[in-house]
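Participant: Please read through the structure below; I'll follow up with questions.
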Amino acid sequence: MKITKVKLGRISVPLRTPFKTALRTVNRVEDVIVELHTDTGAVGYGEAPPTGAVTGHTTGAILGAIQDHIAGAILGREVDAFEPLLQAVQGAVVGNSSAKAAVDMALWDLYGQLYRIPVYKLLGGGRRQLVTDITISVNDPQTMADDAVKAVERGYDCLKMKVGVDPALDTQRLRAVRQAVGPDTVIRIDANQAWTPKQAVAILNQMQEQGLMIELVEQPVKAHDLEGLRYVTQHSYVPVLADEAVFSPEDAMTILQTRAADLLNIKLMKCGGLYNALKIASAAEVYGVECMIGCMLEAKISVNAAVHLACAKSIITKIDLDGPVLCSEDPIFGGAVFDERRITVSDGPGLGILGIQEDRLTPIWELSL
C-alpha cells in the first residue's frame, strides 16, 4: 500500500452553544481535514483544529506545515514501513504538533486498513466502550448551575466546569453547581492557566473546605510555570492534572520526575499524534500516574483517534472526549458512536472512518505522485 496523494480540506460545524473558557470563546468547530490516498484505493483520514490560544496553531500554520514539509516526507512511501513513516512526520518540521497529529492519525488509519484490524486492537485494546464527561462553559453562577442540571438530565454523571474568569467568582460558581446537581455527580474543574499558584491553593482549598467535592483541577497555573504547578500539587486538597504543560513525552517525563502534578492529560493535538501519545502513556505507566485523554474543540475524526488510544491503554482512566457531542451535527460517516456520555469504538479496520459529507467539506489543496 503506497501513499499516492495528500489532500487537504476544511469542515465547519456549529456548536450547540458557545464554548467559553478563561482563554477564548468559540461558536463553531472549523478544522483542517487530511486525506491520504493510496494505490489500493484505501483512504486514511486525519483532522486538526486551529487552537491558537492553546497550541499556537492557526489554520494557516497547520496547512503550511503539511503543504510545505510533511506531505513531501510521506508521499510515495509504503505504509507497511510504518515506524519510519511516523518518524518522518515527526521530523519533517519543528513544532507544529497539530499538523503532525492530523497526518499521524491518517497513517494509523491506513495501517489498520492494510492489516484489516481496528487501531485499538493493534494497540492491544480490551475495552470497546468509554464514558466521557461533558464540559460546562464558564458563565455566571446561575447559568452554570442551569447548564449543569441540563447535562445531568441528558445522562451525564461527570461534569467538567470551566473556571478562571474572575477568580473571585469561582467558588460561587462551583457552590451553585454543587447545590444544583447534588452530591452524586462528579465535578472536575479546568482553570486553563488562569490562577497564580498561591491563588490556586487558596481557591481549591476553600472549595474543598466548603464540601464542594472537586475530583481534580486541570492546569491551574501557567503552562511554563512547573514550579508553580508543583507548589499547587503539594499544597492543594484537590488533585492536580497537568494539561497545557504537557506538549511532548519530554514534558511528561519532567513532570513525572519532579512530581509536579498528580495526573497527566494526553491530547493528540499537543503531542503530535498517537506515536507520541503512546510514549506519554508508557512513561505514566512506569511512574504509576493515571492519565486523562482529552480533546480540543474537534469534530469526530480526531476525537475518534483518541477513542482508539483510550480503549487500548488502561493507564487512561479519565475520559474527556466530548467534542462531537458539543457539535450541533456530525458530518462524518463511520467511526466511534457518540451517544451522549457513552462512546463505543468502531470495529471497522483502521480508525473506522468511512467518509465525510460532501457538502460540508471544502477542498483546499492536494499533492499527487
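Read the figures in this text as sums done on the coordinates, not as results from a lab. Since this is a predicted model, take the numbers as computed values, not measurements. Cβ placement follows ideal geometry from the backbone for every residue including glycine, while neighbour counts extend to all protein chains displayed.
Participant: From the gyration tensor of the Cα coordinates in the stretch 225-369, what semi-axes in whole Å does the equivalent ellipsoid have, largest first, with each one equal to sqrt(5λ)?
Facilitator: Listed largest to smallest, the semi-axes of the stretch 225-369 are 31, 16, 15 Å.
Participant: Here is a follow-up. For Lys313, go through the lysines and keep the ones whose alpha-carbon is under 30 Å away, minus same-chain ones fewer than eight residues off.
Facilitator: The reachable lysines, counting only those whose Cα sits under 30 Å from Lys313, are Lys2, Lys100, Lys121, Lys160, Lys162, Lys222, Lys267, Lys270, Lys279, Lys300.
Participant: In nanometres, what is the gap between the two model label sites at Asp184 and Glu209, each 7 Å from Cα along Cα-to-Cβ?
Facilitator: Placing both labels 7 Å beyond Cα along the Cβ direction yields 3.1 nm.
Participant: Further question on the same structure: Any chance you could run the full-extension gain for Thr196 through Glu78? It's 0.36 nm times the residue separation minus the Cα-Cα distance, nm to one decimal.
Facilitator: 37.6 nm
Participant: So which residue, out of Thr58, Thr317, Thr233, gets the largest mean-square fluctuation from a GNM of the chain using Cα contacts under 10 Å as springs?
Facilitator: Thr317
Participant: Fewest Cβ neighbours within 10 Å first, please rank His37, His308, His224, His57 accordingly.
Facilitator: Starting with the residue having the fewest Cβ neighbours, the order is His224, His37, His57, His308.
Participant: Percentage of Cα-Cα pair distances in the stretch 121-354 greater than 33 Å, rounded to whole percent?
Facilitator: 15
Participant: Mind checking which of Gly126, Pro363, Met296 is farthest towards the positive end of the chain's charge dipole, using Cβ charges of +1 (Lys, Arg) and -1 (Asp, Glu) about the Cα centre?
Facilitator: Ranked along the dipole, the leading option is Gly126.
Participant: On to the next question. Helix by helix, which DSSP H runs in the chain go 15 Å or more along their axis at the Cα atoms and have an average Kyte-Doolittle hydropathy of 0.5 or more?
Facilitator: 274-287, 300-312
Participant: Give the residues of the stretch 52-85 whose amide nitrogen is closer than 14 Å to a point set 7 Å from the Cα of Lys5 in the direction of its Cβ.
Facilitator: 76
Participant: What number, in percent, do you get for the relative contact order of the chain if the mean sequence gap of Cα pairs under 8 Å and at least 6 apart is divided by its residue count?
Facilitator: 22
Participant: Next up: Considering only Ala252, Ala88, Ala299, give the residue with the highest GNM mean-square fluctuation for the chain, with springs between Cα atoms whenever their separation is below 10 Å.
Facilitator: Evaluated over the chain, the most mobile residue of the options is Ala88.
Participant: Just subtract the alpha-carbon distance of Lys222 and Thr17 from 0.36 nm times their residue separation and send over the number in nm, one decimal.
Facilitator: Extra length available between Lys222 and Thr17 comes to 71.1 nm.
Participant: Over the C-alpha atoms of the stretch 1-128, what are the Rg and the largest Cα-to-Cα span, Dmax, in Å?
Facilitator: Cα only, the stretch 1-128: 15.7, 46 Å (Rg, Dmax).
Participant: Mind checking which of Thr21, Thr59, Thr254 has the largest fluctuation in a GNM of the chain, springs on alpha carbons under 10 Å?
Facilitator: Thr254
Participant: If you look at just the Cα atoms of the stretch 252-323, how large are its Rg and its Dmax in Å?
Facilitator: Here Rg and the maximum Cα pair distance are 11.5, 35 Å.
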